[in-house]
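Undergrad: I'd like to ask you about the structure that follows.
The values are calculated or read from the model by the stated rules, or taken from the named source; none is laboratory data. Being a predicted model, the structure only gives us computed values, none of them experimental. In this analysis, Cβ positions are derived from the backbone assuming ideal geometry, glycine residues included, and neighbour counts consider all displayed protein chains. Heavy atoms of the whole protein, side chains included, go into the accessibility calculation; ligands, DNA and RNA do not. Shrake-Rupley method; radii C 1.70, N 1.55, O 1.52, S 1.80 Å.
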Amino acid sequence: MGKAPKKRKPLPAGSKMPKGISQQQPGIRNNPFEVKINKQKFNILGRKTKHDVGLPGVSRSKAIKKRTATLLKEHKQRGRSSVFRDKRFGEYDTKLTPEEKMMKRFALERQRNHEKKNLFNLNEDEELTHFGQSLADIEKLNDIVNSDSENEEQGALSAELTAAHFGGGGLLRKKDPSSEKEDISGKPKSRKELIEELIAKSKQDKRERQNQKENTLEMTEKLDKDWKAIQGLLGHKVPKSERKSEAEEKPKVDEYDILVRELGFEMKAQPSDRLKTQEELAKEEEERLKQLEEERLRRMRGEDEDDDLTLKKPKHVSADDLVDGFILDKDDRRLLSYKDGKLENELQEQDENTIEEGSENDEEETKTEEEKSDDEEDDDDDDDDSNASDQHSDIESDIYSDEEAEVTKPNKDAPKAKPKKVLSDAEKKAEMEAAKAELPYTFTAPESSEDLKSLLAGKSIQQQMIILERIKKCNHPSLAVGNKAKLQKLFGFLLEYIGELAVSDSQQLGTIDKMTAHLYDLCQLFPDAASESLRSVFRDAAHEMEEILEVRGHAKFPTLDMFVYLKITAILFPTSDFWHPVVTPTMTYLSQLLIKCPVLSLKDVAAGLFLCCIFIEYVSLSKRFAPELINFLLGILHLAVPTKGELGYTLVHPFRPQGKNAEMLLVSSKQDIETWEKKKLPLHAVTEATESSETERNHFRLSCIAMCLDLLQRCVSLYGELPAFKEIFQPINSLLTNKLQSAELTNQLQNSIQDVLQEIQSKDKCTDALVFEKKKPVPLKLYTPKIMEVLDFTKKQGSSREERERKRLIHKHKREFKGAVREIRKDSQFLARQQISEVMERDAERKRKVKELFNSLSTQEGEWKAMKRKKMKGRAR
């Protein structure tokens, strides 16, 4: 048999467990390997030691206990306001006496009231009170005077009256020797006598009160009269003469004060109606055009408005309709009044008749003036026709809207409507012919270019503009689903029609200029379709030029329609973009034309200069450098100088230093040079040569040289800020200096040459020539050892005292910050656990109550079923 283990002796009462050993249940020993021991090498005086012996989880349990005592308590008391705290001043200050507390509290209260209410009121004094009432109200003495029937002691009964009526009579009340009145014989008064005496006394008192009240009123009225008499003496009136002198002495009103008063009395802005959307405006315009077209067709058929009204079906009228749906525009009732024995109404009618006759005469005069002005406008030029077209067309719908407003709005001042004049057959026939000659107000969108040509054929410029405008309004995209595709096609048809006009007759450029506005509107509505149409035009032209180059080796300048398309592209699309789907390919096409098309005639010179004008317009905003432009202008100037001798510059294709057309612009006739005048080149010179004589051809050559010099001056001002400006314009500078400046030309051309040279010299000073970037020379390789500093990040590097203190504070701040974040995170976790436990407790309590309810309900259900069975059995028996 083994020995039984020894039992541990219990600790005596009041003793504690050793430090680091937890109080556990008897019989359970601590694992020695779980005891945490932090050794300390040296004991230093004054330093708090962190080395301790303990079990794992002891520090955590302490933290939990601390949070339970502080954080959990605050969590449970959150949102409670049952704790009363006296916040009065000095309540917990034992050094202040009660009198000092009261004085300080009174001062703080008055200061608080003053700060809140009277912060900006400097003239308001303190309001003094007496028993809660303001002294200012008490001093007014607003006593209410009672009426005659009211007694001063309202609601109170006198002692005599009470004793007489409720005290058992005069015999039963106690006798007052002082007030007892007896007759001369010494007998006491009877009850009847006492009552009569009491009534007489009450009437006398009432009479006295009435007299006193009347005396008071009389005295008050007298006092008021006396005060009015004295009031005039108190207010001293100044004589009028002195008043005038004082008014003259008054300073003049400042302009600023006048302006402030004017702004104060200025009329405030009134709310306006809502602006209509584009869809609403398009719908109204379509309805207006339809109404005008119906009226035109009615006039063309010779029908009257009354006929249209009779043809309309009558509306259904109910039997209960009172037929009161009318509006009285004017009240025609007049008052009967006589003047000199005649009714004033008759005089007014005579005046109205004279006014109507005068208005008719004025209308006839205005009509004659309008007819004269119309005749004068018919004799004007195309510009006047265009202005007239703007007045008569419906491009601006404000005119029609104003006319409709005048028709629909009743005018009170207008004369009475006259009976409608019956037209004769001849007048009706003339009206029908005039209606047939008018343009229709509604048009369907053309389905092909032939339809558009048929609509515009034989029409004047004004009528063509009106037709295009009405097509756009009647087929607005917001009116129907397919209108968008129709207007997109219209852009292509109109572009094709403009090209045909340019090719067929160069005199139609005014029409093309006006049609560009409609192209711009359609381009704004459908930019994708417009860009695709123009790209297809230039794509086909470029392919055609490439095919000609493959066959012949050289191409011709395009016709006038392509020049018009190039100009329209610059108007419709932005030319300053870095890359644009329409403008960028167009500029490439322009460059190819200036390079690939040789100059073989004066017509080609004019075409090339026109292309240079368009090219400068394309690059004017972006200032993009175009070498083809500079080379072409240099070649044009080369055609005006003799080819003998050295050139001093280099020519590129399509120009040659020598050849058949090397001196195409050279003028040798001095007479033609002297008779030449500077003019602009006509546009039709691009397509056909109009010079019949040699003199006209020489004048044309000089005009080309002048235009080339103007374009060069524009290029110099455009590219003056380029770094390579000197190299770019050096050939032109040498040509002008060595060749053209010494040639026999007119003074105008010589002045133009001098202007170009001065412009080049002024820009040349502002820019420097291109040079290579200066670089530091690379040194030779040496065998000197490369010394690198080795940093040991485990040790602190040497630095100043301030730097070490700064680093120490940064390290301490970082450590404290981490500790604070860690404690906040632990607090959040503690509160989250507490909230979860509360939720679980509430859920368990709710489940318990629900379970109890179900149990009680099941018990009641069982009892009810048992009772039901008993009743059933009793009935069965």
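Undergrad: So which residues in segment 653-704 are of a type outside the set (Phe, Trp, Tyr), within 15 Å of Val605 (Cβ to Cβ) and in a helix (DSSP H, G or I), if there are any at all?
TA: Within segment 653-704, Leu683, His684, Ala685, Val686, Glu696, Arg697, Asn698, His699, Arg701, Leu702, Ser703, Cys704 meet the criteria.
Undergrad: Can you name every residue in segment 645-659 that is modelled with pLDDT of 80 or more and over 60 Å from the mean Cα position of the chain (by Cα)?
TA: Arg656
Undergrad: Within segment 863-876, identify whether any single residue is at pLDDT below 95, farther than 30 Å from Lys73 by Cβ, open to solvent by less than 80 Å² (accessible area, probe 1.4 Å) and outside any loop (DSSP other than H, G, I, E, B), and answer yes or no.
TA: Scanning segment 863-876 turns up at least one residue that is at pLDDT below 95, farther than 30 Å from Lys73 by Cβ, open to solvent by less than 80 Å² (accessible area, probe 1.4 Å) and outside any loop (DSSP other than H, G, I, E, B).
Undergrad: Taking the residues in segment 648-665 that are open to solvent by 30 Å² or more (accessible area, probe 1.4 Å) and touching a residue at least 60 places away in the same chain (Cβ under 8 Å) as candidates, determine which candidate is nearest to Pro598 (Cα to Cα).
TA: Among those that are open to solvent by 30 Å² or more (accessible area, probe 1.4 Å) and touching a residue at least 60 places away in the same chain (Cβ under 8 Å), it is Asn661.
Undergrad: Can you name the residue in segment 476-513 that is in a helix (DSSP H, G or I), closer than 23 Å to Ser454 by Cβ and of a type in the set (Gly, Ala, Ser) and, of all such residues, is most open to solvent (accessible area, probe 1.4 Å)?
TA: Residue satisfying both the conditions and the ranking: Ser504.
Undergrad: Any residue in segment 532-549 that is outside any helix (DSSP H, G or I) and either among the small types (Gly, Ala, Ser) or in contact (Cβ under 8 Å) with a residue 12 or more places away in the chain (or both)?
TA: No, there is no match, as no residue in segment 532-549 is outside any helix (DSSP H, G or I) and either among the small types (Gly, Ala, Ser) or in contact (Cβ under 8 Å) with a residue 12 or more places away in the chain (or both).
Undergrad: Here's a follow-up. Would you say Ser576 is over 24 Å from His699 (Cα atoms) and surrounded by 16 or more Cβ atoms within 10 Å (Cβ to Cβ)?
TA: No.
Undergrad: Restricted to segment 829-848, and to residues that are loosely packed, with under 11 Cβ neighbours inside 10 Å and aliphatic (A, V, I, L, M), which residue is farthest from Leu72 (Cα to Cα)?
TA: Selected residue: Ala844.
Undergrad: Looking at (1) touching a Gly at 6+ places or on another chain (Cβ under 7 Å); (2) in contact (Cβ under 8 Å) with a residue 24 or more places away in the chain, which one does Leu629 not meet, given that it meets all the others?
TA: Only one criterion in (1) touching a Gly at 6+ places or on another chain (Cβ under 7 Å); (2) in contact (Cβ under 8 Å) with a residue 24 or more places away in the chain is unmet by Leu629, namely (1).
Undergrad: Turning to a different aspect of this structure: Residues in segment 591-601 that are open to solvent by 30 Å² or more (accessible area, probe 1.4 Å) and part of a helix (DSSP H, G or I): how many?
TA: Of the residues in segment 591-601, 3 are open to solvent by 30 Å² or more (accessible area, probe 1.4 Å) and part of a helix (DSSP H, G or I).
Undergrad: Please pick out the residue among Lys244, Lys206, Lys222 that is surrounded by 10 or more Cβ atoms within 10 Å (Cβ to Cβ), more than 55 Å from the chain's Cα centre (by Cα) and at pLDDT 90 or above.
TA: Lys206
Undergrad: Being at pLDDT below 90, touching a Lys or Arg at 6+ places or on another chain (Cβ under 9 Å) and open to solvent by 20 Å² or more (accessible area, probe 1.4 Å) is the filter here; which residues of segment 682-716 pass it?
TA: If the condition is that a residue be at pLDDT below 90, touching a Lys or Arg at 6+ places or on another chain (Cβ under 9 Å) and open to solvent by 20 Å² or more (accessible area, probe 1.4 Å), then Thr687, Glu688, Ala689, Glu691, His699 are the ones that fit.
Undergrad: Just for segment 64-89: of the residues that are at pLDDT below 85 and of a type in the set (Gly, Ala, Ser), which one is nearest to the chain's Cα centre (by Cα)?
TA: Selected residue: Gly79.
Undergrad: Got a sec? Which helices (runs of 4 or more DSSP H) wholly within segment 251-322 have at least 1 residues that are at pLDDT below 65?
TA: It comes to 305-311.
Undergrad: Turning to a different aspect of this structure: Being of a type in the set (Val, Ile, Thr), assigned to a loop (DSSP other than H, G, I, E, B) and modelled with pLDDT of 75 or more is the filter; apply it to segment 768-817 and report the residue that is nearest to the chain's Cα centre (by Cα).
TA: Val778
Undergrad: Here are some conditions: (1) surrounded by 19 or more Cβ atoms within 10 Å (Cβ to Cβ); (2) more than 49 Å from the chain's Cα centre (by Cα); (3) of a type in the set (A, V, I, L, M). Leu566 meets all but one. Which one does it not meet?
TA: Tallying (1) surrounded by 19 or more Cβ atoms within 10 Å (Cβ to Cβ); (2) more than 49 Å from the chain's Cα centre (by Cα); (3) of a type in the set (A, V, I, L, M), Leu566 fails exactly one: (2).
Undergrad: Testing Ser856 on (1) open to solvent by 100 Å² or more (accessible area, probe 1.4 Å); (2) part of a helix (DSSP H, G or I), one condition comes back false. Which one is that?
TA: Looking at each condition in turn, Ser856 falls short on (1).
Undergrad: Further question: Anything in segment 717-727 that is open to solvent by less than 70 Å² (accessible area, probe 1.4 Å) and within 20 Å of Glu617 (Cβ to Cβ)? List them, or say none.
TA: Ser717, Leu718, Tyr719, Gly720, Leu722, listed by residue number.
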